[in-house]
Structure formats: structure tokens, C-alpha cells
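Take a look at the structure below.
The values are calculated or read from the model by the stated rules, or taken from the named source; none is laboratory data. Only a predicted model underlies this, so the values are computations on that prediction, with no experimental measurement involved. Positions of Cβ are generated from backbone atoms using ideal geometry, with glycine treated the same way; all protein chains shown enter the neighbour counts. Please note that ligands, DNA and RNA were not included when accessible areas were found on the heavy atoms of the full protein model with its side chains. Shrake-Rupley method; radii C 1.70, N 1.55, O 1.52, S 1.80 Å.
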Amino acid sequence: MTSLPKSTPVLGTNRRVPVEGVSLSITCTLDAALTSTVRFYKDTSVQGGCFLSHTCRTSVSGYSVSLDITSRILTLDIASPDSARDSGTWRCNVGTTSSNNITLSHFAAVLDWSSVTFSPQLTSLPSSVTTQNTISVTVTTPCAAPAAVITWRYQQGVSGVPPSSTSSSQGSCPSGQVQTTNTLSLPGNTANLYNRQMSLTVSVEHDSFDPPTYTKSVTSNTIQFPVPVTSVTLTNINSDNEKIGQAAGQSLTLTCVTSASFPTSTVTWVTLPSGTTPTVSTETTSGVLVKTTSSVTFTVSKTDQGRSIHCQAENINGQTSPQSNRATLEVWYGPDTNQVRVTKPANTVVAEDRDLTLTCETLTSVSPGVTFTWDYSDGSGITGGSPGSVTGSAGTTWSQTRTFRPVRSKTDVRCSVRNTRTAVAVTKTLSLGDVKYPPPGRPTLQDFTSVMYAGVQKTIRCTVTGGNPLADITWSCHNTSNTGSESSSEVTKTSSLTFLVTKHQNSRQCQCGASWMYGGYDENVTQTFTVYYQPDKPTTTNPGTLCEGKSTSLICSSFPEHGNPPATFYWTKNNAAVHTGSSYMFSPVKADNGADIRCAAGNTYTDRAGFSRPQSDARLLSVYYVGVPTITPADTQTRKEGQSLSLTCSADGNPDNAVISWTFNDSPIPGSSVMKADLNRSDDGEYGCTGRVNTGSVCPGGGLQGRSTVRVIVNCNPHQSGVPGSSLRIGLGVGLGICIIVIIVMGAALIYLRRRHLLSPHDRGKPAALIQDRDTREPPIGNTQNSNIHDLSQYARFEECAAQSYSQLKIYENTKGRVSHEPEYEGLQERSPTTYEAVALHTYENMDRKMKG
């Protein structure tokens, strides 16, 4: 059919082919409301139609035309189709628009469904079939045109089409009609139907049947097809090759059960003992399905050991027979009486606390297995060690080793062998004989003192107690013969080692070892020698040439042996102890020149009675020094102008005597001595003597020097020019008087301040000379304790002697002529000092010079 353009009418029929004598409708479907006349055509002639007025009509007898305005369908009904009249090509036109074409050329004759025959009737088929049966059904249709189509199918979910054969023949049918026959043949051994309950449906398809399927069907009753036996179970076991055990001479029953099957299964036993007859029973489970049970009972013997038995079932010839799991017979028997043996290895020494391995074994086979139990003959258990694994297999001999440590009080060991599945047991006893045992403890070392002194002969002992037999003792002690003398008692062995103690043994080891002839015991005890010995003769470092006052260090050591305990070093100088320690640091002085210095090394060894400390060789010190210069005379020298002065100086030294040089008031003066025949007031001052020694590179700066000083006072007469003696005396008196007045005024002021509490607590109680006004900025002048006129002359020089500062004056009265023994100087007589000794005074110039000014 070609597609029509839009607004083209569509022509159709209500049957796929016309059936003679069965009404046929031809429809013309419009896609829009009727707008023009619609006509049905067969070939080129109009067969009927409808007008715009919706009026429809036909001129053919047996036809009728109708219009359904709502559905816009025009229908031409043919009450009884006739191939002679109705054959041709049909269409409908809407105005000038034509529909598709439908050709009516084949007309079917009516097939009477009630005349269809089934042989046998489907509802009378057998409810079950065996593999030897075949289901056969023949379906025959009455005469009809065209031939009917007969189809078979399975129900209950079985797919596929059963095998069938179809034939058609005209037979006695009218011309153009045929009779159709279909025969279904379904064997009971159809494999894809095994284990099925299903029914058969036959369908007949013909054009005269009602659309849309044109088919009529009939279904048979349910048929059970054969159910193969799928399994057979040996109920005595759960897995393949599982063992079934039984004692020899006892009966054993085995049972096999099949799965439910149809027809009934047959059970066959494989490798049963000869003469065994099974018993069989069946059980219907549902419908025609049956379980089959087969049992066998027989007496087990040793010959059945390892026999593999199983069963198999069959119910359909040609099908694979299922088999059960295989059961392996395990026959239990043994051990036999007097067929157990206990042995120990040949030439084995039985020693306490030493592993001993015994073997227990059966001499005949035992099945399925055995357990071994070990104990002593008194029933106590064996402790220590462990049993070995049990070796052997069912039907063979068995053995086990037992490793343990014997005790001397138990010598009979038993082994009991028991069948793991029966109560049969056999016991065997072995006597161990004399049990050896090592010493229970380590050796002990005696007389090994914590400290030994070199040169002393020493004996030490090593003892081992216990053991059967007694242990052997060996020595390994440094610097000894290692050969001891032995003595033994029933339970003790002692070895004594004598040797001379030497310093080479210090910190080395001495070991006493004990071993047992049967092994398993090898003990030793070790001590470390502590040997006291004297140090080697010490040596000291060479001090070389030393410099006075320059620090130096000397080292004392004992080499190569420092002694034990390590030496302490003791220093002496000219046999007098000066220091303890390996290092001696000192600053040499003049007195050390030529001194004998030594070092002694001492320790516990040397400081014992009868021993002495080794001493180093003497070192004679060479010290470069310079002595303090000696000025002669050494005291302060007082001279008058015109008198002479002689000063000499000397200073010893090393490596040479000192070279002397002089200074006057810190200025160098030539000569190695001071010689002045006529002193002048300019010679008044300090004379210094310096002694110097050249030391080269020994001392810093290349030399050493010393210095001494002496004070020289030169007194001078007053200047006589223009000043008569009486005037001088008057001036001196006036000056002294003024000084006395000043001192009295100051004393009175101090007394007043004390009474007015104006003195600070710090000044209270002090002599007036030590008290000064807190406002003064000048420090007090200390009391020089001058006691004569010569001392006074240091501070108050006459005439042109230089004005000098002073700190304190002792005031003297003019006592000339009053005391005969008082000294007199140029007409002035000294008198006792006043009580104002401690008053601090300011510096005053020479009175005579002030007066002259």
C-alpha cells in the first residue's frame, strides 16, 4: 500500500479474506467532514455511496451502505459474499479524490470447528508417561478452503513446539476444498521434558474463524514426564572419602537413599564385601515420585581395612547414574599383648637434668591410631622436656619418643600404648639404671684477697661440691703456672694454686673452671687481680735557668709504671717538704738559687712499714736574681753646709754581681759611689742606688734590678748680709710667738665648738690636732713627731734654704740656760714640746724669708 496524501480517504475490510456465506464489511474512512459525494467502486463501476445530504444508497442486491457522521466512516455491507459477484479491485472516491485499492480475489469456505476431530481426546491423555511410552494425538479438520493450519505448543513454561506431521487431501471434499490431518508424536524419553508436569495445546487457524486471530484451540490434561534420579546419598558420611570406623568383629550397617524419581530407581552397591545382600524399601513422596532406600549390614574384619564403598542409582536407561560419596572403611584393632617395647639409645649416659630420649613402639600394626602415656613406675608423671610426635599410620606400627630429664630417685619409666578407638592398652617398663648428675652449683674461689702486694707468694683454692662423678677443675690465671694440686673427698674436690704475685697481674683475670665428664656442666668463677706495687723512680722536668719572681712549673712523673694505686708525688726543697702533686708551680727567689729540689713517688705499697718512696734525682736550681742594694750608711744623713758626705752601695746578683748606678732626686748622677767633700744646701735631697743584673733572654726585658734610697739633709746658716744677730733673734722670736698665738686661738676655738656641740660625733674625743673645720678643702697634715730642732729645720729653714711644706710642728720654748742638758743650737735652747701636738696646720713658708719679704 502506498501512502496517501492528506485528505485522502482510507479503504478497509473487517476480514482478511472474504468467506462465502459470512458477512463482509468494506469501510471508507474520511479525514474530514463530508464535503462532497462519496462513492464505492469495484473496478470502474459504482457499487453505492452517500451524498452531501448524508443520504446513502446502493443499486446492488445484497449490499447496503451507511454513514456514521461522527466517525466519518462509510460502510458497505455484503450480507453473503459471492466470489462471482464480489471479486475485483475496490476503492472509494471523495469527489475526485481516490482511496487506496483492495483486491478481493480469494474467497474462503467455512470450516466447521465442531467437526474437527481429536484422536484420542486431549482431555483423556495419560497423567504420566515413562521413557518407554509415546503420546500420539491426531487432529482432523472437515473440508474447507483454504487448508487449515494446525499448531501444537507446550504449557507450564515449557518452550518450543512439539514434533508433529501435517497432511492435506481433497478426499471427498467439494472442488477447491481440502481436508487437513495433523498427527503429534511425543516420546516419553524426550529429555527436555524430564522432570516436567505439563499440558499440550493444539490450535487450528482458518480464515473462516473470527478475527483477529482466526484461531481456535484445545488444551490437554496435565502429563507427568519421567523424573530422572538426580542423587543417591550414603547417609553414614558427609563428604567423599570420609572414613567410617569400626572395631574388627563388629557389624556395620550402611544405607543409601535416592532422590524422588519417576519411574522408581534401582540402587546398586559397589565393592561391598562378598556375600552381602542389600535390603530395599521405597517411599512415595508426591504424585508418581518415589524415593528408594537400600541398606546393607556386614561384619567388619581386618581385611576390610581401607575398603572404599559407595552406591549408585538409575531409573532411565541411557541416563548417567548418580553416585554417592565414597566411604572408606577404617577397621580398628590392636595393640597386641606383649607387642610394645621401650628403648634408650645405645651407649647413652643417663644423667640427671640432662635430656634423655626414650622410644616407645608397637611391634605389630595398630589401627586407626594410638596414644602414648609416659610415667614413672610409682605412678608419678614425668616432668620436663616434651613428647615427640606420634609416627605411624593405620595398619602399621607406631612409635613415639619422649625427651625428659631424669632424676636420681626415679629409675623405672613406663610407656602405655592405647588404641585411639578401643579400650585396648599395653604397658612396658624400662629401668634407667645408675643416674649420673653434675654438681649442683658453681665452683667457689677462696683466699683470693681483694688486694695483693707484688713480690708476695700467694695460694688460692678452688672448690666444687657434689656431682656423680665429681667435676674436673682447671685454672686460667695470668702469669701463673695454671697447675694446681688437687684433693678430693666423697662429695668435694679442691684444687690449690700457688704463685708469686707480680705487678703484671694487676687488672688481669684469674679463672677457676669446673667441667663434668659427661658434659652439660661447664662453670667457672672469675676474679680480677688487684695488685699493689710501687711506682718507678720518678723523674722531673729540667727547670733550666729561672728568673727571680717569674712563675715556673715543674712536672714529676713515674714512667712507665705509675704504681698501683697511682702514685702521689711529694716535692722537697733542700730536704724540706714544699708541695704535694705532680705539678709544682712556684716563683723562685734569691734563696732558691742552688737549692736541691727533688720529687718522691708514694702509694699504699711504698708507704708500708719497711718500704720507702722512690725518689727522683736532685735538680739544683739556677736562679737569676738581683739583691736589694745596700747603701752605707743606710740611715738618714744630716749634714751642715761645708761638711763631707760619703755613700757607697753594693748588691749581689746572678749570673753576675749587680752594676751600681745612682740618682739624686730621681736624676742620674755619675759614679758607683757618692763622695762630696764640701756639701752645699743644693745637695739636700734623696739619693737612690740601683743595682742591675743582665739576664739575657731568661728574664723579661733582659735584666733584673733593685733600688734603695737614703735621705740626706743639709742644714744651712742664716744669711748675714744686713741683718744683725740681734735682729735675727728678734725675728725668730716674733715668728715663734705668732705661731704659738695661732695655735692657742685654734685650740680655744675647738674647745668652744666641742662645748657648743658643734663638732661632729666623728671628731669628738680626738686631739685638737686631728680636728679640722668641716668646710676646709685641705686634708689634715699628719703628725711627723718631730722632737728636736734639727727635725724642725725640715719645715722652717733659715735664710735661703728652700721653703718646704709640713704637716705638723712641735713647738719648743726657748729654754736656754734653764736646763743644762737641753741641746742648744746657735744660741737657741730646745725645750719640751707644748701640748698642742695634734693640731693640723696649713703649710707655712720659712719665717726668715717671710720676715725678709
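Condition check: under 30 Å from residue 178 (Cα atoms), among the charged types (D, E, K, R) and touching a Phe, Trp or Tyr at 6+ places or on another chain (Cβ under 9 Å). Does residue 57 satisfy that?
Values: under 30 Å from residue 178 (Cα atoms): no; among the charged types (D, E, K, R): yes; touching a Phe, Trp or Tyr at 6+ places or on another chain (Cβ under 9 Å): yes.
Answer is no for this residue.
Mind checking which residues of the stretch 600-631 are more than 30 Å from residue 546 (Cα to Cα), open to solvent by 40 Å² or more (accessible area, probe 1.4 Å) and not aromatic (Phe, Trp, Tyr)?
Correct list: 604, 607, 608, 609, 610, 612.
Among the residues of the stretch 336-354, write down those that are out of contact with any Pro (no Cβ under 9 Å at 6 or more places or on another chain), closer than 30 Å to residue 468 by Cα and modelled with pLDDT under 90.
To start, the set of residues in the stretch 336-354 that are out of contact with any Pro (no Cβ under 9 Å at 6 or more places or on another chain) comprises 336-349.
In the following step, the residues that additionally are closer than 30 Å to residue 468 by Cα were identified as 341-349.
Correct list: 347, 348, 349.
As an exercise: evaluate residue 131 against (1) under 30 Å from residue 195 (Cβ atoms); (2) modelled with pLDDT under 95; (3) surrounded by fewer than 17 Cβ atoms within 10 Å (Cβ to Cβ); (4) among the β-branched types (Val, Ile, Thr) and give the number of the one condition it does not meet.
Exception for residue 131: condition (3).
Would you point out which residue out of 682, 661 is loosely packed, with under 12 Cβ neighbours inside 10 Å and polar (S, T, N, Q)?
On the way: 661 fails: loosely packed, with under 12 Cβ neighbours inside 10 Å.
Testing whether each residue is loosely packed, with under 12 Cβ neighbours inside 10 Å and polar (S, T, N, Q) leaves just 682.
How many residues, within the stretch 704-739, are surrounded by 14 or more Cβ atoms within 10 Å (Cβ to Cβ) and either among the hydrophobic types (A, V, I, L, M, F, W, C) or modelled with pLDDT of 90 or more (or both)?
Going through the stretch 704-739 one residue at a time, the tally reaches 17.
Going by the structure shown, is residue 295 surrounded by fewer than 19 Cβ atoms within 10 Å (Cβ to Cβ), in a loop (DSSP other than H, G, I, E, B) and hydroxyl-bearing (Ser, Thr, Tyr)? Step through it out loud before you land on a result.
Values: surrounded by fewer than 19 Cβ atoms within 10 Å (Cβ to Cβ): yes; in a loop (DSSP other than H, G, I, E, B): no; hydroxyl-bearing (Ser, Thr, Tyr): yes.
Judged against the criteria, residue 295 is not a match.
Taking into account only those residues within the stretch 430-480 that are among the aliphatic types (A, V, I, L, M) and part of a loop (DSSP other than H, G, I, E, B), which is most open to solvent (accessible area, probe 1.4 Å)?
Keep residues of the stretch 430-480 that are among the aliphatic types (A, V, I, L, M), which gives 430, 432, 435, 445, 451-452, 454, 456, 460, 464, 470-471, 473.
The next check asks that each one be part of a loop (DSSP other than H, G, I, E, B); those that pass are 432, 435, 451, 454, 456, 470-471.
Values: 432: 10, 435: 7, 451: 46, 454: 18, 456: 68, 470: 40, 471: 2 Å².
Result: 456.
Among strands (runs of 3 or more DSSP E) lying entirely in the stretch 355-416, which contain 2 or more residues that are under 22 Å from residue 468 (Cβ atoms) and either open to solvent by 20 Å² or more (accessible area, probe 1.4 Å) or at pLDDT 90 or above (or both)?
It comes to 356-362, 399-404.
Could you tell me how many of the residues in the stretch 255-290 are open to solvent by less than 40 Å² (accessible area, probe 1.4 Å), assigned to a loop (DSSP other than H, G, I, E, B) and either among the hydrophobic types (A, V, I, L, M, F, W, C) or within 30 Å of residue 424 (Cβ to Cβ) (or both)?
Total satisfying the criteria: 4.
Considering only the stretch 689-722, how many residues are under 28 Å from residue 657 (Cβ atoms) and not in a strand (DSSP E or B)?
Selection size over the stretch 689-722: 8.
Given the residues 217, 203, 165, 159, which is the only one that is over 28 Å from residue 289 (Cβ atoms) and at pLDDT below 95?
Values: 217 fails: at pLDDT below 95; 203 fails: at pLDDT below 95; 159 fails: over 28 Å from residue 289 (Cβ atoms).
Result of the check over 217, 203, 165, 159: 165.
Going by what's in this entry, would residue 513 be described as more than 30 Å from residue 604 (Cα to Cα) and assigned to a strand (DSSP E or B)? Give the steps one after another, and end with the answer.
Working: more than 30 Å from residue 604 (Cα to Cα): yes; assigned to a strand (DSSP E or B): yes.
Against the criterion (more than 30 Å from residue 604 (Cα to Cα) and assigned to a strand (DSSP E or B)), residue 513 qualifies.
Looking at this structure, is residue 571 in a strand (DSSP E or B), farther than 30 Å from residue 439 by Cα and touching a strand residue (DSSP E or B) at 6+ places or on another chain (Cβ under 6 Å)?
When the stated conditions are applied, residue 571 passes them.
Would you check if residue 519 is open to solvent by less than 60 Å² (accessible area, probe 1.4 Å) and in a strand (DSSP E or B)?
Considered against the rule, which asks whether it is open to solvent by less than 60 Å² (accessible area, probe 1.4 Å) and in a strand (DSSP E or B), residue 519 comes out as no.
I'd like to check something: does the stretch 91-99 contain any residue that is closer than 18 Å to residue 17 by Cα and in a loop (DSSP other than H, G, I, E, B)?
no
Can you tell me which of 325, 347 is farther than 28 Å from residue 389 by Cα and either of a type outside the set (A, V, I, L, M, F, W, C) or in contact with a Lys or Arg (Cβ under 6 Å, 6 or more places away or on another chain) (or both)?
325
Testing residue 122 on (1) surrounded by fewer than 16 Cβ atoms within 10 Å (Cβ to Cβ); (2) within 30 Å of residue 290 (Cα to Cα); (3) in contact with a strand residue (DSSP E or B) (Cβ under 6 Å, 6 or more places away or on another chain), one condition comes back false. Which one is that?
(1)
I'd like the residue in the stretch 52-82 that is over 18 Å from residue 11 (Cα atoms) and in contact with a Leu (Cβ under 8 Å, 6 or more places away or on another chain) and, out of all such residues, is most open to solvent (accessible area, probe 1.4 Å).
The residue in question is 52.
Mind checking whether some residue in the stretch 30-39 is at pLDDT below 95, open to solvent by less than 20 Å² (accessible area, probe 1.4 Å), part of a loop (DSSP other than H, G, I, E, B) and more than 30 Å from residue 148 (Cβ to Cβ)?
Checked the stretch 30-39: at least one residue is at pLDDT below 95, open to solvent by less than 20 Å² (accessible area, probe 1.4 Å), part of a loop (DSSP other than H, G, I, E, B) and more than 30 Å from residue 148 (Cβ to Cβ).
Among the numbered criteria (1) of a type outside the set (Asp, Glu); (2) over 30 Å from residue 552 (Cβ atoms); (3) open to solvent by 10 Å² or more (accessible area, probe 1.4 Å); (4) at pLDDT below 95, which single criterion is violated by residue 674?
(3)
For the stretch 204-254, what are the residues that are within 30 Å of residue 145 (Cβ to Cβ), open to solvent by 60 Å² or more (accessible area, probe 1.4 Å) and acidic (Asp, Glu)?
Answer for the stretch 204-254, where residues must be within 30 Å of residue 145 (Cβ to Cβ), open to solvent by 60 Å² or more (accessible area, probe 1.4 Å) and acidic (Asp, Glu): 205, 210.
Residues that are aliphatic (A, V, I, L, M): find the strands (runs of 3 or more DSSP E) completely inside the stretch 636-688 holding 2 or more of those.
Details: elements: 637-640, 645-650, 659-664, 667-669, 674-676.
Result: 645-650, 659-664, 674-676.
Looking only at strands (runs of 3 or more DSSP E) that fall completely inside the stretch 144-223, which ones have 3 or more residues that are without any contact (Cβ under 8 Å) to a residue 12 or more places away in the chain and of a type in the set (Val, Ile, Thr)?
none
Please go through (1) over 27 Å from residue 264 (Cα atoms); (2) among the small types (Gly, Ala, Ser); (3) at pLDDT 90 or above for residue 172 and return the number of the only condition it doesn't satisfy.
It fails just one condition, (3).
In the stretch 484-506, how many residues are part of a loop (DSSP other than H, G, I, E, B), of a type in the set (Ser, Thr, Tyr) and at pLDDT below 95?
Qualifying residue count, the stretch 484-506: 1.
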